[in-house]
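Throughout, read-outs are computed from the coordinates displayed, never taken from laboratory work. Since the structure is predicted, the reported quantities are computational estimates derived from the model, not experimental observations. Positions of Cβ are generated from backbone atoms using ideal geometry, with glycine treated the same way; all protein chains shown enter the neighbour counts.
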Ligand SMILES: NC(=O)c1ccc[n+]([C@@H]2O[C@H](COP(=O)([O-])OP(=O)(O)OC[C@H]3O[C@@H](n4cnc5c(N)ncnc54)[C@H](OP(=O)(O)O)[C@@H]3O)[C@@H](O)[C@H]2O)c1
């Protein structure tokens, strides 16, 4: 593998499709060399090739965020190519329990959802933080479904709990990384037309990716430990 150029670097998880792919494309367009991480080697390498065909600097990175060995291997591959990571976007997520009652949600579904959506984001961050310098930015793609201040609905309870957990992880990481000058924020993309959001969703993938891109590039770096939607702070 050749080493990356002088460009800033970014890593986006779950970037083979949907909001993650759009965030990867947007970061490429803003001059980043993007490590496009995905658990599926076929769709991941195809997505990275597509961005390369668009003349962007993009490297496919195999990574299953629910598998710590896979995360460690991904780090080994990235560390061979670069000694700096400027932006990390924890985007990978699953929603398996659309209309499930909390009282019947199977243990396996709860574990898989928490492992992927919350613990996975934490493990990826723990693993890749050694490559991040002062000025680095971490963006966690969360959901308003994880907000507790506005009351909890009975929609997708395991998914919503995983996003509440991701929000708590965001605050913990923001505190832990403050002295290293790395900002950590969560954002909600809104209800977006993706495989997860479905065709009836009102928002485009570009709209869904916008706030993450803003946090990655334009937002004041002093903003950390906060939750955003449409470039505005929202309650936890
Ligand atoms: N769409 C919405 O309305 C909406 C609303 C609020 C929040 N969000 C959040 O936005 C993020 C992106 O969602 P999306 O709408 O773009 O959904 P999507 O199209 O279903 O994409 C989800 C991505 O996450 C990946 N992923 C799932 N488990 C993974 C794992 N263990 N390791 C690595 N990658 C994994 C998927 O890979 P595979 O292709 O291999 O499955 C896919 O690339 C998620 O965190 C989601 O919770 C979405």
Evaluation of residue 170 against (1) in contact with a strand residue (DSSP E or B) (Cβ under 6 Å, 6 or more places away or on another chain); (2) in contact (Cβ under 8 Å) with a residue 60 or more places away in the chain; (3) within 21 Å of residue 64 (Cα to Cα) (one fails), failing number: (2)
Is it true that residue 72 is in contact with a helix residue (DSSP H, G or I) (Cβ under 8 Å, 6 or more places away or on another chain), surrounded by fewer than 22 Cβ atoms within 10 Å (Cβ to Cβ), more than 24 Å from residue 178 (Cβ to Cβ) and in contact (Cβ under 8 Å) with a residue 24 or more places away in the chain? yes
Taking the range 31-58 only, how many residues are free of Cβ contacts under 8 Å to residues at least 24 places away in the same chain and either farther than 14 Å from residue 81 by Cβ or away from the ligand (no atom under 16 Å from the Cβ) (or both)? 8
Within the range 75-85, tally of residues that are away from the ligand (no atom under 16 Å from the Cβ) and either in a loop (DSSP other than H, G, I, E, B) or in contact with a helix residue (DSSP H, G or I) (Cβ under 9 Å, 6 or more places away or on another chain) (or both): 5
Give the residue, chosen from 95, 123, 61, that is within 12 Å of the ligand (Cβ to nearest atom), in contact (Cβ under 8 Å) with a residue 12 or more places away in the chain, surrounded by 14 or more Cβ atoms within 10 Å (Cβ to Cβ) and assigned to a strand (DSSP E or B). 61
Restricting to the range 18-48, name every residue that is assigned to a loop (DSSP other than H, G, I, E, B), closer than 17 Å to residue 213 by Cβ and out of contact with any strand residue (DSSP E or B) (no Cβ under 6 Å at 6 or more places or on another chain). 30, 31
Residues that are crowded, with 21+ Cβ neighbours inside 10 Å and within 19 Å of residue 86 (Cβ to Cβ), drawn from the range 211-236: 211, 212, 213, 215, 216, 224
